[in-house]
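These notes are about the structure you will find just below.
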Amino acid sequence: MRKEHLRNKVTSSHYFLSYKGAKLSHVGLWNMVRDAGRKMEIEGERVSLHTFRHYFATESLKAGIDVYSLSRLLGHSEIGTTERYLRSLTYEALSDKANVTSPLMNMNK
């Protein structure tokens, strides 16, 4: 539906677009996240742009993105800022990631 709606409109190259195809404002993005939290019946401080960004970062790390690429996606000027997201990963999550990428665990593949 989105492609059809934006077919003949000039759109922005940003990830989040308004219904008109323009860059979505901070307020518009906040409203989307807040409304999604309400639909999921999540209350309180857990529904914010910061927690959305944190979730995106940690899930991206779990999925295998490297810290440098994530740092650029998040717009951090210092990689140390992005490395803080690594601290929130559990030992099990890091261990699972290490097993998938370890040369020793993948010798017979």
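Any read-out appearing in this document is the output of simple, stated calculations on the displayed coordinates, not a laboratory observation. What you see is a predicted model; the values in this text were computed from it and never measured. So basically every Cβ, Gly included, is an ideal-geometry build from the backbone, and we count neighbours across all protein chains shown.
Among (i) 114; (ii) 103; (iii) 180, find the value of volume of the Cα convex hull per residue in Å³ that was calculated from the structure presented, and write down its label.
Given (i) 114; (ii) 103; (iii) 180, the calculated one carries the label (iii).
So what's the angle, to the nearest 10 degrees on a 0 to 90 scale, between helix 91-101 and the longest Cα principal axis of the chain?
80
Could you compute the net charge surrounding ASP66? Neighbours are other residues with a C-beta less than 13 Å from the C-beta of ASP66; K and R count +1, D and E count -1.
So the environment of ASP66 carries a net charge of +2.
For the chain, modelled as a GNM with alpha-carbon contacts under 10 angstrom, which of SER25, SER48, SER13 fluctuates the most?
Taking springs between Cα atoms under 10 Å, the residue moving most is SER13.
How big is segment 48-109 in terms of Cα radius of gyration and Dmax, in angstroms?
So, for segment 48-109, Rg and Dmax equal 13.1, 45 Å respectively.
So who's got an amide H within less than 5 Å of the one on SER48, skipping anything under 5 residues away but keeping other chains? H placed 1.01 Å off N, in plane.
none
Taking the Cα atoms only, what angle lies between the long axis of helix 49-63 and the longest principal axis of the chain, rounded to 10 degrees?
40
Explain nothing, just compute: Karplus ³J(HN,Hα) = 6.51 cos²θ - 1.76 cosθ + 1.60, θ = phi - 60°, for every residue of segment 73-88 in order, whole Hz, x for Gly and Pro.
4, 7, x, 7, 7, 10, 5, x, 4, 6, 4, 4, 5, 5, 5, 7
Nearest 10 degrees, 0 to 90: what angle lies between the long axis of helix 26-39 and the longest principal axis of the chain (Cα atoms)?
For 26-39 against the chain, the angle is about 70 degrees.
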